[in-house]
Amino acid sequence: MKIGLEVHVALPTKSKLFCSCSMEDSDNPNSNICPICMGFPGSKPMLNEAAVRSALGISNALYCKINRKISFVRKVYFYPDLPKCYQITQMEESIGKEGYLELENKKVRIRRVQIEEDPAQIVRKGMLTLLDFNRSGTPLVEIVTEPDISTEEELREFIANLRSMLYYLGVDINKEMKADLNISVGETRVEIKNVTGIKSLIEATRFEVERQTEAIKNNEKIERETRGYNEKSRATESMREKETDEEYGYIYESDLSTFDISEMKHADPVYINKIAAELAGDSEVNPKTIREITMLNRSALAMIYRFRNRYRVRSIIHGIQRFEKYSDSTMKEEDSDRIEKLVKLIDEGKDISREIAEDIIAGKEVKVEYSDVSVEEIEKMVRKFLDENPGVLEEYKRNKKTVNLIIREISSKNNLHPKEVAAGAAAVLKSIAG
Ligand SMILES: [Zn+2]
């Protein structure tokens, strides 16, 4: 069994792909429109740089080869949602090609990542067919895979990984993921168009695989065709015979020039799972805990990344957890300053009472006073602690990082500033352990 996907994702831009109409959601049909996104004759498209940059980030995260120069083509077809009779898309000079997305046991090759415009939305009301052009010109990327997926489990893994990667790159996944599926159990490839939502993708695949398997068993011919997925009957249905690329006319889009993107800045190609693993590597936190906190909350991930050089990851995670517990809400980007105050105290080994945490969350100025103790006193405390915990000294000889445990224990028990304890501990350890 071979499954290939063409996934369409809307890019997070403020304006449309080829005009300056707003991408804000509107309840008012045909309110964000202009001659360009309505396809008036004589109107000229202008390329939105933010969309290109976003698509570049996705191409990079999929380890694609990046075309230095990109251009666009017109895909010609007749349908009411496209009054200018062609969709502006990319072919040979698409932004990315020949990449891959890693699953646990294989790589799914990415044939192409291309930028294209969404057509208008068709709304059917009784006998009427209405058109809403608010959607027309929405910047999309189409991610085309090779037919490398061979089980339902791999399909699930692919979607989950792709989703997390897009999430990290700031691509809105609250909007439903749309995809076309190519499925062949035997020799013939059948395309299922416009499947919306992950649940439907899985169900459509399951149905189509069973249908083709059954047909092969009964020696029936499988037509090379395009099918649609009916969510109510949970079945795929024949729509039309499959078009070939030759049937769509592709011509060069001469209203747009060729763009050199070799100097364009882009996001680093990192996956959320890789980040989670990496973070877990230098902290004392269970990778699963990090994944659970960051998977669904991009702000938490951003916060860990922003503060990880300043505080231990463990402290950041605990800060987020306390914030969420005492404020009874999920952290958002704008909470990070207040959470940082919590994190700082946790990292310094302070005990944070519910009272202190709530004051910080309420935005009140909280001053945590440290006891004033002389250097000699601190050194005495360190010696006493090491006498009472001989194992710690042994551990320190093997792993110098154990000093952090000593600092944490002594500063939190005696309400001391960790920096002062660190100086005292360094002096004592130097004299007894070298
Ligand atoms: Zn427009």
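Rounded to the nearest 0.05, what FRET efficiency do E187 and M46 give with R0 = 56 Å and r taken as the Cβ-Cβ distance? Could you check?
On the way: r = 45 Å, r/R0 = 0.80.
Step by step, r from the Cβ atoms, then E = 0.80.
Kindly flag which residue pairs out of K14/K44; K75/K199; K401/K430; K65/K332 have an alpha-carbon separation exceeding 24 Å in this structure. Could you put the intermediate results ahead of the total?
Values: K14/K44 19 Å; K75/K199 30 Å; K401/K430 14 Å; K65/K332 35 Å.
Where the Cα-Cα span goes over 24 Å, the pairs concerned are K75/K199; K65/K332.
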Legend entry - Residues with amide H under 5 Å from that of C64, placed H, sequence gap 5 or more: Y100
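Find, to one decimal place in angstroms, the Kirkwood hydrodynamic radius of the range 168-225, where the mean of 1/r is taken over every pair of different Cα atoms and then inverted.
Working: mean 1/r = 0.0785 Å⁻¹.
It works out to 12.7 Å.
Relative to 2.2 N^0.38 Å, what does the C-alpha radius of gyration of the range 2-260 come to as a ratio? Two decimals please.
Details: Rg = 18.5 Å, N = 259, 2.2 N^0.38 = 18.2 Å.
Normalised by 2.2 N^0.38 Å, the Cα Rg of the range 2-260 equals 1.02.
Starting with the highest mean, order 19-30, 92-103 by the number of other Cβ atoms within 10 Å, averaged over the residues of each peptide.
Working: 19-30: 13.6, 92-103: 19.1.
Those peptides, ordered most packed to least, come out 92-103, 19-30.
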Inset, instruction - Scan the range 121-204 for trypsin sites (Lys or Arg not before Pro) in coil per DSSP, keeping those whose Cβ has at most 11 other Cβ atoms within 10 Å, and list them by number. - result: none
Legend entry - Cα→Cβ-extended label distance, 7 Å offset, between S22 and N309, nm: 3.8 nm
Legend entry - Kirkwood-type radius of the chain, with distances r between different C-alpha atoms, in Å: 25.8 Å
Legend entry - Additional length obtainable on full extension of the chain from N286 to E102, 0.36 nm per residue less Cα span: 64.0 nm
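What does the helix-only formula give at 222 nm for the chain: each DSSP H stretch with n ≥ 4 adding -39500 (n - 2.57), the total divided by the residues, and the result rounded to the nearest 500 deg cm²/dmol?
Numbers: 13 runs with 165 residues, N = 434.
For the chain, the value works out to -12000 deg cm²/dmol.
Report the charge-dipole magnitude of the range 375-433 in Debye, nearest 20, computed about the Cα centre from +1 at each Lys and Arg Cβ and -1 at each Asp and Glu Cβ. Spell out each step's value before the answer.
Numbers: 11 positive and 9 negative charges, 53 e Å.
In total the dipole reaches around 260 debye.
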Inset, instruction - Grab the alpha carbons of the range 129-215, take their convex hull, and tell me the volume per residue in Å³. - result: 136 Å³
Inset, instruction - Give the whole-number value, in cubic angstrom per residue, of the convex hull volume spanned by the C-alpha atoms of the range 288-434. - result: 120 Å³
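Test of understanding: what is the full-extension gain from E214 to D337, defined as 0.36 nm times their sequence separation minus their Cα-Cα distance? Please report the intermediate quantities before stating the final value.
Numbers: separation 123, 0.36 × 123 = 44.28 nm, distance 5.94 nm.
Separation in residues times 0.36 nm, less the Cα-Cα distance, equals 38.3 nm.
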Legend entry - Farthest positive-ward along the chain dipole, Cα basis, beta-carbon charges - from L162, N32, T213: L162
Legend entry - Pairwise FRET efficiency - N194 versus T129, Cβ, R0 = 22 Å, nearest 0.05: 0.85
Legend entry - Per-peptide average of other Cβ atoms within 10 Å, ordering 385-392, 299-306 highest first: 299-306, 385-392
Inset, instruction - Scan the range 329-434 for trypsin sites (Lys or Arg not before Pro) in coil per DSSP, keeping those whose Cβ has at most 14 other Cβ atoms within 10 Å, and list them by number. - result: K332, K364, K367
Inset, instruction - Apply the Karplus parameterisation 6.51 cos²θ - 1.76 cosθ + 1.60, with θ equal to phi minus 60°, to every residue of the range 91-98 and state each ³J(HN,Hα) to the nearest whole Hz, in sequence, with x for glycine and proline. - result: 10, 4, 9, 6, 5, x, 8, 6
Inset, instruction - Return the whole-Å distance between the Cα centroid of the range 12-49 and the Cα centroid of the range 321-349. - result: 40 Å
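Values quoted throughout were computed directly from the atomic coordinates according to the rules given, and no laboratory measurement underlies them. Nothing here was measured: the structure is a model prediction, and the numbers come from that model. Glycine gets a Cβ as well: all are built from the backbone with ideal geometry, and neighbour counts include every protein chain shown.
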